[in-house]
Amino acid sequence: MTETLVPLFKIQRTETSEPYTIHAKKRGDRYVSPSGNVFTLEERKAFYKGLGYLIIDL
């Protein structure tokens, strides 16, 4: 079974910058990033928000 990356949400550094879509593999109620980090959707959003990114829900 091949797992594919699914889009989770978009981030932007500023309101005028181009948005970037964050992708991950879905595993139950958690996600796995391409680098192997395991997280919940809320944890990942909090991580990027802490770095100062704007979060855009899909």
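Students often get this wrong, so try it: which of (1) 23, 60, 17; (2) 20, 50, 28, 2; (3) 24, 53, 20, 3 is P(r) over Cα pairs in 10 Å bins from 0, in percent as calculated from the structure shown? Only one listed value fits the structure, namely (3).
Within the same chain, aspartates and glutamates fewer than 8 places from K26 are excluded, and of the rest, those with a Cα less than 18 Å from its Cα are E3, E42, E43, D57. Under 16 Å of direct C-alpha separation, and excluding same-chain neighbours fewer than eight residues apart, K10 reaches these lysines: K25, K45, K49. If you take every residue apart from F9 with its C-beta less than 14 Å away from the C-beta of F9, what net charge results, scoring Lys and Arg +1 and Asp and Glu -1? With Lys, Arg at +1 and Asp, Glu at -1, the neighbours total +2.
Taking Cα atoms only, the orientation of helix 41-50 departs from the longest principal axis of the chain by about 30 degrees.
Here T4 and I55 are evaluated by their C-beta separation; at R0 = 30 Å the FRET efficiency comes out at 0.85. Would you mind getting me the FRET efficiency between E43 and E15? Use the beta-carbon distance for r and R0 = 22 Å, nearest 0.05. Step by step, r from the Cβ atoms, then E = 0.35.
None of the figures in this text is laboratory data; all of them are computed from the coordinates on show. This one's a predicted model, so the numbers in the text were calculated from it and none came from an experiment. We place every Cβ from the backbone using ideal geometry, glycine too, and count neighbours over all the protein chains shown.
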